[in-house]
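Take a look at the structure below.
The values are calculated or read from the model by the stated rules, or taken from the named source; none is laboratory data. Treat the numbers as computed from the prediction; the structure is a model and nothing was measured. Methodologically, a virtual Cβ is constructed for each residue, glycine included, from the backbone with ideal geometry; neighbour enumeration extends over all protein chains shown. What goes into the accessible areas is simple: the full protein's heavy atoms, side chains included, and nothing from ligands, DNA or RNA. Shrake-Rupley method; radii C 1.70, N 1.55, O 1.52, S 1.80 Å.
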Amino acid sequence: MIFMKKRSALIWLFICIVHTNYAQNFDLGDIQSSLEGVSVDESIRFEEIDDLMFVRIQINQSEKYFRFLVDTGAPTGISPEVAQIIRPKLGRKVMVKSSGAKDDSLALVLLDSIKIGKLCFKQIVAFVTDFNQGEIMKCYEIDGIIGGNLMAAAIWQFDKSRKQIRITKNLKNLDFIQKTYRQDMGLYGWQKSPLLDISLNDKRIKEKVMLDTGYGGFFSWSRNTYQESLRRKILDSSRILQGSGTAVETIFGKDADSLVYNVQLDNIRLGKIRFDDPVVDVDLDRGSKIGVRLLNQYIITLDFPQGQMYAYKITDETPKKKLESFGFSAYIQENDIYVTLLWNHSPASKAGIRLYDRIIEVNGISFRNINAYNKCTLFLELRKILHNNQEIDIQFASEGLTKTAHLKKEVLLGD
């Protein structure tokens with residue numbers, strides 16, 4: 001998940017489920033990452049792209065810096081290229097499921113240390129995977145993931161207003177803690193991802209959700225809970241938008257096509273925090289999750305050792321209460337950009353655009369001559385055009401014919 005922030009976006013989702021408890025040379029249950037020192041307190045700057053957070057780290061004794069995504073919804077992971085450089089201790093392969101429909105067998109490794117700023121984390125279990133399986137991920141050129149099992153050794157405060165992450169072992173070192181809302185936080189499995197109690201539609205739906213900074217949206221509702229809510233007739237059918245295709249890319253590449261939905265809920269309650277009339281995603285996820293856009297409104301502190309989450313409000317910005325769109329999402333595949341998701345009864349569908357039509361030109365910008373050197377630049381340019389404009393002129397290839405259309409954004413769902 002990755003470039004766009006809205007439902008017509010590609011999303012980074014890394015909920016990984018390991019189906020064996022033992023690796024060849026180490027036992028997952030016996031290994032916990034640690035952080036050297038007692039009076040630990042370090043502030044680091046992060047790079048922000050489409051709300052996601054990236055930091056530079058060092059691994060083991062290597063002097064090389066690597067670029068990692070900060071992802072509470074995943075275990076720590078490294079690329080094969082990084083593994084080749086640092087030569088970690090190898091473990092057994094395990095079956096890993098992404099948050100989408102795909103899974104694969106990945107190797108586990110044991111890292112002696114990860115250095116973030118001046119801090120040194122010790123004994124970190126990580127999975128190894130090729131982060132270039134998805135076309136979008138290639139554009140990020142990331143080397144790995146800082147996951148929950150590393151974060152579990154300390155307290156982490158995320159302040160996007162200052163593009164700063166503060167890591168400590170003592171809450172007294174942190175700003176805002178005395179003025180924040182506090183909520184109990186569980187940890188999921190060996191990957192130690194934070195779990196929070198949440199309720200939807202005036203507490204008629206209750207579940208545990210993952211706080212996932214690797215998901216670029218606000219709230220992603222699991223397909224199972226969505227379908228159960230339909231069976232219980234908790235949802236208003238006029239507040240459901242349906243489409244087809246997929247807007248999700250996981251560590252295993254582009255996810256499987258399916259029916260997709262956006263839903264406008266009556267409200268979401270995260271303890272005492274309430275969000276009214278939010279428009280949320282419904283994907284193929286095995287569990288619901290709150291994404292990194294929560295950090296646009298709150299400074300979030302995760303006390304992993306004590307199992308507590310603290311939230312300090314910094315803005316009155318609220319999650320979107322309507323979906324205004326041209327009605328399609330694009331994806332880049334090799335040397336073409338094509339329509340990967342199409343909403344029903346949208347400007348795009350009414351103009352004759354179909355799933356997998358190739359996008360040739362938008363507002364005079366040509367996408368005919370895409371290659372390995374310009375594909376990311378051109379794709380980013382298309383995203384900006386779709387985000388910043390209320391009207392577009394589009395040329396596309398459909399059923400062997402080149403067609404044109406003039407599209408105006410419409411409110412597809414919400415007030």
Enumeration of residues in segment 47-83 that are outside any strand (DSSP E or B) and within 16 Å of the chain's Cα centre (by Cα): Asp50, Asp51, Asp71, Thr72, Gly73, Ala74, Pro75, Thr76
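Of everything in segment 158-173, what is part of a loop (DSSP other than H, G, I, E, B) and either free of Cβ contacts under 8 Å to residues at least 60 places away in the same chain or crowded, with 21+ Cβ neighbours inside 10 Å (or both)? Give them in sequence order. Working first, answer last.
Taking segment 158-173 as the starting set, the residues that turn out to be part of a loop (DSSP other than H, G, I, E, B) are 160-163, 169-170.
Lys160, Arg162 - these are the residues of segment 158-173 that are part of a loop (DSSP other than H, G, I, E, B) and either free of Cβ contacts under 8 Å to residues at least 60 places away in the same chain or crowded, with 21+ Cβ neighbours inside 10 Å (or both).
Go over the candidates Arg274, Arg269 one by one and state the one that is touching a Phe, Trp or Tyr at 6+ places or on another chain (Cβ under 9 Å) and either part of a strand (DSSP E or B) or among the polar types (S, T, N, Q) (or both).
Selected residue: Arg269, the only one of Arg274, Arg269 that is touching a Phe, Trp or Tyr at 6+ places or on another chain (Cβ under 9 Å) and either part of a strand (DSSP E or B) or among the polar types (S, T, N, Q) (or both).
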Residues that are assigned to a loop (DSSP other than H, G, I, E, B) and either at pLDDT 95 or above or surrounded by 21 or more Cβ atoms within 10 Å (Cβ to Cβ) (or both), drawn from segment 324-354: Phe326, Gly327, Asn344, His345, Ser346, Ala351, Gly352, Ile353, Arg354
Would you be able to tell me the number of residues in segment 275-294 that are open to solvent by 10 Å² or more (accessible area, probe 1.4 Å) and among the basic types (Lys, Arg)? 2
Does segment 140-157 contain any residue that is more than 30 Å from Asn335 (Cβ to Cβ), open to solvent by less than 10 Å² (accessible area, probe 1.4 Å) and either part of a loop (DSSP other than H, G, I, E, B) or without any contact (Cβ under 8 Å) to a residue 12 or more places away in the chain (or both)? yes
Test each condition in (1) under 20 Å from Met53 (Cα atoms); (2) surrounded by fewer than 23 Cβ atoms within 10 Å (Cβ to Cβ); (3) of a type outside the set (Phe, Trp, Tyr); (4) modelled with pLDDT under 95 for Lys321 and report the one that comes out false. (1)
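Going through segment 34-85 one residue at a time, which ones are hydroxyl-bearing (Ser, Thr, Tyr), closer than 25 Å to Ser161 by Cβ and crowded, with 17+ Cβ neighbours inside 10 Å?
Going through segment 34-85, the residues hydroxyl-bearing (Ser, Thr, Tyr) turn out to be 34, 39, 43, 62, 65, 72, 76, 79.
After this cut, where a residue has to be closer than 25 Å to Ser161 by Cβ as well, the list is 43, 72.
Scanning segment 34-85 gives a single hit, Thr72.
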Restricting to segment 398-414, what's the tally of residues that are touching a residue at least 24 places away in the same chain (Cβ under 8 Å), surrounded by fewer than 16 Cβ atoms within 10 Å (Cβ to Cβ) and among the aliphatic types (A, V, I, L, M)? 1
Name the residues in segment 86-129 that are open to solvent by 60 Å² or more (accessible area, probe 1.4 Å) and modelled with pLDDT under 90, would you? Lys89, Leu90, Arg92, Lys93, Met95, Lys102, Asp103, Asp104
Assess whether Gln297 counts as being among the polar types (S, T, N, Q), farther than 25 Å from Leu106 by Cα, surrounded by fewer than 23 Cβ atoms within 10 Å (Cβ to Cβ) and touching a residue at least 40 places away in the same chain (Cβ under 8 Å). no
What are the residues in segment 362-388 that are in contact with a strand residue (DSSP E or B) (Cβ under 9 Å, 6 or more places away or on another chain) and open to solvent by less than 50 Å² (accessible area, probe 1.4 Å), if any? Val362, Ser366, Phe367, Ile370, Lys375, Cys376, Leu378, Phe379, Leu382, Arg383, Ile385, Leu386
Restricted to segment 200-222, and to residues that are under 21 Å from the mean Cα position of the chain (by Cα) and surrounded by fewer than 19 Cβ atoms within 10 Å (Cβ to Cβ), which residue is nearest to Gln306 (Cα to Cα)? Lys208
What single numbered condition from (1) of a type in the set (A, V, I, L, M); (2) surrounded by fewer than 20 Cβ atoms within 10 Å (Cβ to Cβ); (3) modelled with pLDDT of 95 or more fails to hold for Ile31? (3)
